[in-house]
Every structure is written in C-alpha cells, then in structure tokens.
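Report on the structure given below.
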Amino acid sequence: MHNARQKTKFRYIVVSFLCLFCISGTVVTFLFIRDYTREKAYYQETLQAETRNMLSFFSQSLLASVNSCNSIYASRWYRFYRNNANIYHDYFDPMRRMEIQSELAAQVTSLTYVSDVLVITPPPLDSVICRNGWFSTDFFHKVHQNYTITYSEDGASVASVTATDAAHVAIMRLPDPTPRRENGIICVLIDKIVIANAMNQILSPEAVYCRLELFGQTLYETGALRDDLVVTESASRTLPFSIRLASPPYQASQSKDHLVHYALLMVIVLLGSALISIFLADLFLRPVKKLVGTLGGDYRKIQDPYHFISESLAAYAQKNALLSDEQARMSQSIKNFLTMMHNEILNGMLTNPDFDYANDYVHDAFPWFRDDLPFFMVLLTPCSEASIEIPKADMLDALPIQALHGLQFTVLSGDRCQLYWFKANRTAAAQKGRIAEHLRQQAGSKLCF
C-alpha cells in the first residue's frame with residue numbers, strides 16, 4: 001500500500017519537475033544565448049577599438065616625425081644650403097654647422113621612437129647631416145657601417161638608404177617636396193627596440209599576434225598567425241602605416257566564464273524545480289486526500305487512491321441508477337393511481353345521479369369545476385359489438401382545439417372519453433362544429449361519437 005501511494009506521489013513529482021525544468025531551462029538557455037551573442041559582438045567591437053587606439057597612438061608619433069622633417073625642408077638653413085648658386089657657402093662655417101647639429105639633435109630627442117634623422121644631399125654637396133655630425137657620404141660609411149647610401153649616376157633620383165641591421169632599425173624615407181636638379185632626402189631612423197618595448201606595455205594580453213608595418217617595413221611582429229584567430233586590421237589615412245592584431249575567438253577566451261555561469265544557473269534551476277515539484281505534488285494531492293476522506297476512505301491505508309475513488313464513484317453511480325429506477329417506478333405508480341382516481345371520479349360523475357360535485361376531493365382533482373366553465377364531452381365507442389376498432393387517444397391531437405383545459409381517459413370496456421373546458425360559451429360553440437367534422441373524417445363507419 002505504501003509503495004503504491006509513493007508511486008502516485010512520485011509520478012506527480014516527476015511530471016511537475018519536468019514541466020518546471022523544461023520551462024525554466026528554456027528561459028535560461030534563451031537568455032544565455034542572447035547574452036552570449038551580445039557579448040561576442042561586444043568582444044569583436046573591443047578588439048577593433050583596441051586596434052584603432054593603437055594605430056592612433058603610434059600614428060601621432062610617426063606623424064610628428066614627418067612634420068618635423070618637413071620643417072627641416074622648410075627651414076632657412078636648408079634652403080640656403082641647397083642653393084644652386086652656392087652663394088651661401090660661407091654661411092655654413094663650423095659654428096653654424098654645430099648649431100644646426102644641435103637643433104637637429106633637439107628635434108630627434110623630442111621625437112618618440114626615433115634614434116636619428118639623416119639629412120642626405122647628393123653630389124656635388126655630398127653630405128649626410130645627423131645629430132652626431134656633418135659628414136661626407138664616404139666618411140659617414142666609415143663612422144656608421146650599418147648604413148649604406150647610394151646615389152644614382154645622374155643624381156636626379158632619390159638616394160637609396162639601406163640598413164644592415166634591419167632587425168633593429170626601420171628607415172622612413174621622406175623626399176624633398178621641392179623639385180631640384182639633385183634630389184635630397186631625409187631618412188628617419190626608427191628604433192624597433194623602443195617600438196617593441198612600447199608595444200609590450202600597451203599590447204593586450206589576449207592578443208597572440210601583432211604586426212606593425214610602415215612603408216612596407218615590419219616595425220614590430222610577435223606571435224604566430226593562425227586560421228582560428230580573430231584578425232583585426234587598421235590603417236592610417238595620412239601615412240602608409242598599418243596594424244594587424246590577432247586574438248583568440250570569443251569561444252576560446254571569454255565563453256568559459258559564461259558557460260560556468262550558465263551551468264550554475266542550470267543547477268539552480270534543477271534544484272529549484274525539484275523543490276517546487278515536491279511542494280506542488282503535495283498541493284495537488286490534497287484534494288485527492290480530501291475526496292478519499294469524503295468517500296469514507298483512509299488515504300494512509302488504501303493502496304491506490306485513484307482506484308478507490310473510481311470504485312467509489314462507480315458504486316455511487318450504480319446506487320444512483322437504482323434510485324432513479326425506483327423513482328421512475330414510483331412516479332409511474334403515482335401517475336397510474338391518479339389516472340385511476342380520475343377515471344373513478346369521472347365514471348362516478350357520469351353514472352351516479354347523486355354524485356356530489358361540491359366534494360373537496362373533486363375540486364382538488366378538477367379545479368375548473370369550481371370556476372363554472374362551459375365544457376363539452378366527446379365519447380368515442382365502437383358502432384357495434386362485433387367491431388374490433390379501438391378508439392385512439394391521439395385522434396383529436398391533429399386538430400388545434402382552443403381550450404383552457406383538456407382531459408382524456410378510457411372508461412368501461414375501452415370507450416374513449418375526452419373533456420374540453422372553454423373560457424366562454426361562444427368559444428365552445430365555435431369549436432364544436434370543427435371537432436364533429438374532424439371526427440366524422442377520422443372515425444369512419446366503425447366508430448361512433
């Protein structure tokens with residue numbers, strides 16, 4: 001018995017748990033997917049914004065270097081120095097040259113990531129001006145062996161400058177914007193080590209690959225680029241400078257925390273659904289317990305409460321059917337008794353000349369007697385004793401008779417008596433002819449009326 005009741009309760013718990021868990025789990029999963037999609041899009045936007053910020057950070061410094069070099073091209077001393085007539089030759093005495101070197105050194109110091117600036121003029125001037133001196137090209141090669149400067153034979157092309165230590169130095173070449181017979185050039189020497197130190201400080205730890213490129217030269221590169229990484233790129237509009245960053249996809253970097261959070265929520269949903277289902281099962285079983293008690297059973301002692309309720313209701317239904325049959329029989333008995341009583345009274349009225357019409361029982365059975373209403377009686381009987389025709393009770397039903405009251409009964413040996421009471425004599429007289437004509441058509445020669 002105990003096991004059966006426990007199974008019933010367990011079914012309720014399981015059904016309630018599945019319903020609650022499916023609904024709650026669906027809602028939690030929907031919210032998780034929505035947040036996951038939103039966070040993934042935010043992650044992509046963050047990577048792109050980081051790339052743009054880094055580009056802006058370095059572009060400002062590089063653009064400052066370009067502007068500083070352009071200021072050299074626009075300076076008075078450079079215009080004097082590049083004068084084709086060479087009328088300012090005496091202007092560039094040793095003191096003036098040292099002064100120009102100091103100005104150039106101050107400019108280099110103010111520029112970020114720049115180790116030196118080379119102002120190169122082709123022959124016949126054939127000079128290389130930097131922060132450390134004013135050299136001829138050959139002497140510059142002896143002092144700075146890491147750089148090679150070559151001129152074209154006609155001197156019209158821009159000088160070519162290369163660095164043997166390309167892993168540590170990048171060269172940004174800025175040609176003279178003023179058209180000249182011998183084209184000069186300013187080379188900005190960018191220290192890649194300083195660039196690398198700056199990148200190590202500002203580079204996000206999530207970035208597994210980074211590449212900075214200027215004028216086709218690699219300023220900085222770290223990590224390895226793989227197909228599964230999320231690549232973001234940004235390029236400067238004013239300089240041929242670009243940055244490429246590659247980071248792990250959102251699934252590999254950030255989604256773990258969301259998955260843990262989702263798992264914790266699902267555990268909470270699981271436990272909450274279990275507790276609520278136990279409460280709901282007890283709540284749902286209370287009406288069953290009450291119904292079992294109402295039907296006379298003990299919930300703690302019966303084996304199957306639903307089987308008990310079913311059997312009890314079936315027993316009550318059977319009892320109700322028996323009572324309905326008994327009530328129907330009693331109603332028929334009362335109807336038969338009243339019919340016999342009516343017949344006996346009417347027979348007495350018709351056959352007893354001394355019948356007491358003022359009797360209270362007669363008034364109760366036929367209240368229209370007391371109202372003194374006009375009436376007429378129709379008696380249907382076989383025309384001969386040999387006739388087997390029996391008057392039918394519904395012979396006058398097809399004819400609409402406008403009467404206040406009507407009564408039909410069988411008297412003696414099957415004769416049919418029908419009484420009709422009317423509101424006034426005029427109404428009764430109007431109906432009499434219609435009824436007589438109808439009976440002639442229906443009765444024929446076998447029934448008399």
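With the condition being at pLDDT 85 or above, open to solvent by 20 Å² or more (accessible area, probe 1.4 Å) and of a type outside the set (Lys, Arg), I'd like the strands (runs of 3 or more DSSP E) fully within region 191-255 carrying at least 2 qualifying residues. In region 191-255, 217-223, 230-235 are the strands (runs of 3 or more DSSP E) which contain 2 or more residues that are at pLDDT 85 or above, open to solvent by 20 Å² or more (accessible area, probe 1.4 Å) and of a type outside the set (Lys, Arg). Screening Asp138 on (1) acidic (Asp, Glu); (2) assigned to a loop (DSSP other than H, G, I, E, B); (3) modelled with pLDDT of 85 or more shows it passes everything except condition (2). Taking (1) in a loop (DSSP other than H, G, I, E, B); (2) under 18 Å from Ala159 (Cβ atoms) in turn, Asn83 satisfies each apart from (2).
Of the numbered criteria (1) within 48 Å of the chain's Cα centre (by Cα); (2) under 21 Å from Val158 (Cβ atoms); (3) open to solvent by less than 20 Å² (accessible area, probe 1.4 Å), the one Val188 fails is (1). From the list Pro374, Pro391, the lone residue that is at pLDDT below 75, more than 60 Å from the chain's Cα centre (by Cα) and surrounded by 10 or more Cβ atoms within 10 Å (Cβ to Cβ) is Pro391. Condition first: closer than 26 Å to Thr427 by Cα, modelled with pLDDT under 80 and surrounded by 12 or more Cβ atoms within 10 Å (Cβ to Cβ). Can you find one or more residues in region 306-324 that meet it? No, that holds for no residue. One residue stands out in region 141-163 among those that are modelled with pLDDT under 85 and loosely packed, with under 11 Cβ neighbours inside 10 Å: the one that is nearest to Thr218 (Cα to Cα), namely Gln145.
Residue-level check: of (1) free of Cβ contacts under 8 Å to residues at least 12 places away in the same chain; (2) over 18 Å from Val188 (Cβ atoms), Gln60 misses just (2).
Taking Pro179, is it modelled with pLDDT under 90, within 30 Å of Leu55 (Cα to Cα) and surrounded by fewer than 19 Cβ atoms within 10 Å (Cβ to Cβ)? No. Residues in region 57-90 that are hydroxyl-bearing (Ser, Thr, Tyr) and modelled with pLDDT under 85: Tyr88 only.
Only one of the numbered conditions (1) farther than 18 Å from Pro175 by Cα; (2) touching a residue at least 40 places away in the same chain (Cβ under 8 Å) is violated by Asp116, and that is (1).
Among the criteria (1) open to solvent by 20 Å² or more (accessible area, probe 1.4 Å); (2) over 21 Å from Ala170 (Cα atoms); (3) within 60 Å of the chain's Cα centre (by Cα), the one Leu47 does not fulfil is (1).
The values are calculated or read from the model by the stated rules, or taken from the named source; none is laboratory data. Predicted model only: the values in this text are computed from it and were never measured. Cβ sites come from the backbone with ideal geometry, for glycine too, and all protein chains shown count toward neighbours. We work out accessible area using only protein heavy atoms, side chains counted, and drop any ligands, DNA or RNA first. Shrake-Rupley method; radii C 1.70, N 1.55, O 1.52, S 1.80 Å.
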